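Asker: Sharing a structure here in structure tokens format.
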Amino acid sequence: MSEVRVRIAPSPSGNLHVGTARTALFNYLFAKKNNGKFVLRIEDTDAERTSQEYIDNIFDSLKALGLNWDEGPDVGGDYGPYTQSERFDIYPKYAQILLEKGFAYECFCTPEELEQEKAQATANKKPYVYTKKCENLTEEEKAKLRAEGRKPAIRFNIAKAQKAFHETSMLTFDDLVKGELHVDTNLLGDFVIMKSNGTPTYNFAVVIDDMLMKISHVIRGEDHISNTFKQILIFEALGAEVPRFGHLGMILAPDRSKLSKRHGATAVSEFVEKGYLTDALINFVALLGWSPSDGEEIKSVDKIAEDFRIGEVSSSNSIFEYDKLNWMNSHYIKMLDMEDLKERLKPYLTKYNLNELTDAEYTRMVEVTREPLTLLSDITDAVPYFFGEDVEIDEKARETLDTEVSQEVLKDFVERAENWEWTEENLHEKLEKFRADYKEKGIKPKVTMWAIRAAVTGRICGADMTAILAIIGKEKSLNRAKKAIKCHA
Ligand code: GLU
């Protein structure tokens, strides 16, 4: 096979799923590794389930993950168009070739007749395969059915194709991931390639497109294995070169059921909205079936590409561990450059008036609050006390403030702090002394600080207290402390 050409071929019937992102990534890595081309094709033959919004979401999500394509609907290429609905004039020609070669036939069965066949098979406890009722219709019979107003679908003739290219009914191929796979083609049933309305089915359109787009390797989920056998037969019947296939295990939820909304986010855009970094997400997704040779799991896509071998991808299912993704995301947040992080956090701070802080204060706020962030969105609940005049006091802080010690500490704090120079450095020194004085009276330093923290932030834990006081400023800090003193209220 000359040039390596792979593709991701999503159907725009929903936002880009992480499973599709994993398939896209493995194709992308395979192309990179082999100096090949990565093609994006939009499979929108099912007009009812397709929407422009989903197409845009697919483009945006792949781009956000850094999975840029060499050819596709927007960037073009030598084998376009890359959107199936713009290729509808291509498919009938190939269906005609198959009809002429005897590898396909017209089927005039109505949906009702097919339902009846299925019901019959169920009654006989047999798996349903089409009865081939229309395989040998004469021209007269067809003309009569046409005259009745029936429009034929076109079915692929499995047995004819199998017989022409194989000695027995067994069809075998060597999967890049799973090794040798086979099926008894007698079980497949003559499937429709062109519907009676003139549109192609998935299995047909995909073969014609993979053939014309010179796709050399098809890497996709194992849920397509049964389709692959049908597709191989079509390639052969058309005299086309059959690509190599590689099927990836499924991605399951931690409870081993199919990953779905009830487990958490499933679409790439949902993860992004929740505050996951796309670099973390794509790194995590790579580990669903692939493992690094040096055991170092945190890696950029470029580094992964150097190490990636499709033959080493696990053939079994992978578990989508949200906890691991969270850990990875927090790691990636820690690695972000300060200016970058400041920008990325802004969408999660819209409920606050950022203008209350100077850029230096905002920087300091992010410095002292970034450490525990798992998601970018965690920032929203981590920082309310930096904004506004007053602060909401939570239950634990309220209990703390109600103690006699706290009241005493606060009164003293307000009195002494009035004269403090309000820089972080000075506050650090002064608070150290303040705590030491109380320690001498037998009050633990943390108890002293709890009182101040509870009054100023409304919570009993959070970021570095000195930094908080410096950012909030003298007036606001002391006002909050005064308000927490009971006789003041
Ligand atoms: N449109 C198909 C899907 O989204 C593509 C499968 C394939 O890669 O052939 O499942």
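Asker: How would you classify the stretch 78-182 from its alpha-carbon gyration tensor, with a ≥ b ≥ c the square roots of the eigenvalues: rounded for a/c under 1.5, else prolate if a/b is greater than b/c, otherwise oblate?
Answerer: In terms of gyration-tensor shape, oblate.
Asker: Keeping all protein chains in place, calculate the accessible area per residue for the chain (probe 1.4 angstrom), answer in Å².
Answerer: Computed with neighbouring chains in place, this is 48 Å² per residue.
Asker: If the only charges are +1 at each Lys and Arg Cβ and -1 at each Asp and Glu Cβ, what is the size of the charge dipole of the stretch 104-150 around the Cα centre, to the nearest 20 debye?
Answerer: 240 debye
Asker: Sticking with this one: Calculate the spin-label point distance for GLU112 paired with HIS428, positioning each point 7 Å from the Cα along the beta-carbon direction, and give it in nanometres.
Answerer: So the label points at HIS428 and GLU112 sit 8.6 nm apart.
Asker: What does the C-alpha gyration tensor say about the overall shape of the stretch 423-489? Classify as rounded when a/c is under 1.5, otherwise prolate if a/b is larger than b/c, or oblate.
Answerer: Because a/c hits 1.5 or more and a/b fails to exceed b/c, the stretch 423-489 counts as oblate.
Asker: Let me ask something else. For the chain, give the percent of accessible area contributed by carbon and sulfur heavy atoms, probe 1.4 Å, rounded to a whole number.
Answerer: Roughly 49 percent, rounded to a whole number.
Asker: Taking a threshold of 18 Å on the Cα-Cα distance, which of the pairs LYS396/LYS441; LYS93/LYS142; LYS444/LYS482; LYS37/LYS214 fall above it?
Answerer: Where the Cα-Cα span goes over 18 Å, the pairs concerned are LYS396/LYS441; LYS93/LYS142; LYS444/LYS482.
Asker: Checking the cross-link filter: which lysines have an alpha carbon closer than 25 Å to that of LYS334, excluding same-chain neighbours under 8 positions apart?
Answerer: Result set, ordered by chain and number: LYS63, LYS274, LYS299, LYS303, LYS324, LYS342, LYS346, LYS351.
Asker: Let me ask another. Within the chain, which is the longest segment that contains none of the GluC sites (Glu not before Pro) sitting in a DSSP loop with at most 16 other Cβ atoms within 10 Å?
Answerer: Counting at most 16 other Cβ atoms within 10 Å as exposed, the longest clean stretch of the chain is 4-134.
Asker: Right, next: Multiply the residue gap between GLU86 and PHE165 by 0.36 nm, knock off their C-alpha separation, and tell me the result in nm, one decimal place.
Answerer: 25.2 nm
Asker: Let me make sure I get this right: for the stretch 180-334, a, b and c are the square roots of the gyration tensor eigenvalues over alpha carbons, sorted descending. Under 1.5 in a/c it's rounded, otherwise prolate if a/b > b/c, else oblate. Which is it?
Answerer: Prolate is the answer for the stretch 180-334, as a/c is 1.5 or above and a/b outweighs b/c.
Asker: Just name one of THR400, ILE97, SER477: the one whose Cα is farthest towards the positive end of the charge dipole of the chain (beta-carbon charges, Lys/Arg +1, Asp/Glu -1).
Answerer: ILE97
Asker: How big, on average over all directions, is the shadow cast by the Cα convex hull of the chain, in nm²?
Answerer: Average of the hull's projected areas for the chain equals 31.9 nm².
Asker: Hey, another quick one. Enumerate the residues in the stretch 315-336 having an amide nitrogen under 13 Å from the point lying 7 Å beyond the Cα of LYS303 toward its Cβ.
Answerer: 332, 335
Asker: Could you tell me how far the Cα centroid of the stretch 177-213 sits from the Cα centroid of the stretch 412-436, in Å?
Answerer: Each part reduced to its Cα centre gives a spacing of 76 Å.
Asker: Checking the cross-link filter: which lysines have an alpha carbon closer than 23 Å to that of LYS144, excluding same-chain neighbours under 8 positions apart?
Answerer: Cross-link targets: LYS132, LYS133, LYS195.
Asker: For the stretch 1-39 and the stretch 237-307, write down the distance between their C-alpha centroids in whole Å.
Answerer: Here the answer is 11 Å between Cα centres.
Asker: As a check on your grasp of the helix formula, calculate [θ] at 222 nm for the chain: sum -39500 (n - 2.57) over DSSP H runs of n ≥ 4, divide by the residue count, round to the nearest 500.
Answerer: Helix contribution divided over all residues of the chain: -13500 deg cm²/dmol.
Asker: Rounded to the nearest 10 Å², what accessible area does TRP422 have for a 1.4 Å probe in the complete protein model?
Answerer: Surface open to solvent at TRP422 totals about 50 Å².
Asker: Can you give the longest run of the chain that contains no trypsin sites (Lys or Arg not before Pro) sitting in a DSSP loop with at most 12 other Cβ atoms inside 10 Å?
Answerer: 126-255
Asker: Further question on the same structure: Rounding to the nearest 20 debye, state how big the charge dipole of the stretch 318-419 is about its Cα centre with +1 on each Lys and Arg Cβ and -1 on each Asp and Glu Cβ.
Answerer: Here the size comes out at about 520 debye.
Asker: Right, another one. For helix 111-123, report the angle its Cα long axis makes with the longest principal axis of the Cα atoms of the chain; keep it between 0 and 90° and round to the nearest 10°.
Answerer: Result, in degrees: 80.
The values are calculated or read from the model by the stated rules, or taken from the named source; none is laboratory data. Model, not experiment: these values are computed from the prediction. Note that each Cβ is placed from the backbone with ideal geometry, even for glycine, and that neighbours are counted across all protein chains shown. In case anyone asks, the SASA skips ligands and DNA or RNA and just uses the protein heavy atoms, side chains included. Shrake-Rupley method; radii C 1.70, N 1.55, O 1.52, S 1.80 Å.
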